[in-house]
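The values are calculated or read from the model by the stated rules, or taken from the named source; none is laboratory data. This structure is a prediction, so every number in the text was calculated from the model and none was measured. Note: ideal-geometry Cβ built from the backbone for every residue, glycine included; neighbour counts use all protein chains shown.
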Ligand SMILES: [Zn+2]
């Protein structure tokens, strides 16, 4: 994790490295990057970037101690902070971890992760199923997989409803999610409060003529074991999830610079922050009074 001195991302470093599932490179980093393996260590490291305290900085001289915003570094401490009305513009960043309880396979877990279960598709390498160039030449493995994962089969978790609750209390500025399962929408988080950083199954477009299709139409095709094909031009119709080699949605680049200066509490849920794109969010939130919670 880097510090506030890091220059803000001026280019789009996510464009070729991110995708619906993060990617192997990031997976590797996760396996290797355990220098902040304990939750408290990780939290301390994060908070120190924002000159905040976990309350465990006794060793520091008084003047170097960061301001302690939370009474205690616990969920109760954060809840009390919110209840005191000290934050009104909460940004919530979410990743796969909040959806695993819904039964959606984790893309990363060894043995149960989706990449590990892709052998049957006879891919050159697992990540190919989410690569745009591979998809153009051989879309079938993706749609076979999409049938297994298709939204609608799964129900939102308590984490999704927590975000909805924040919105109902007018505390939610935005929910940035890496997930493509549309469980945020299902939980009732309004579209304008949602940035699906890796896209979603909600809409689809023809790769050739760009005609838009609904997810209902695509779903019918997928569940009939067909590769969805544009009736107009016979091009392949691809759900609007971000593949490796594709740009992140415009809404991500539009909302990010607007939201981060306003954000007064950043909650990170179900992601290690190591996937490209989402990890830049916390770098952009540079206000001294922001609080990051990652669990
Ligand atoms: Zn078309």
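Residue count for region 231-245, restricted to those that are more than 15 Å from the ligand (Cβ to nearest atom) and either exposed (fewer than 15 other Cβ atoms within 10 Å of the Cβ) or modelled with pLDDT under 90 (or both): 2. Within region 192-210, the presence of at least one residue that is more than 16 Å from the ligand (Cβ to nearest atom), surrounded by fewer than 16 Cβ atoms within 10 Å (Cβ to Cβ) and either within 23 Å of residue 95 (Cβ to Cβ) or more than 17 Å from the chain's Cα centre (by Cα) (or both) is confirmed. All but one of (1) within 16 Å of the ligand (Cβ to nearest atom); (2) out of contact with any helix residue (DSSP H, G or I) (no Cβ under 7 Å at 6 or more places or on another chain) hold for residue 228, so report the exception by its number. For residue 228, the failing item is (2). Every condition in (1) in contact with a helix residue (DSSP H, G or I) (Cβ under 6 Å, 6 or more places away or on another chain); (2) more than 16 Å from the ligand (Cβ to nearest atom) holds for residue 135 except the one numbered (2). Search region 246-260 for residues being touching a helix residue (DSSP H, G or I) at 6+ places or on another chain (Cβ under 7 Å) and outside any helix (DSSP H, G or I), and hand back the single one that is nearest to the ligand (Cβ to nearest atom). Step by step, filter region 246-260, then rank; the result is 246. Out of everything in region 211-220 that is without any contact (Cβ under 8 Å) to a residue 60 or more places away in the chain and under 13 Å from residue 146 (Cα atoms), what residue ends up being nearest to the ligand (Cβ to nearest atom)? Among them, the one singled out is 218.
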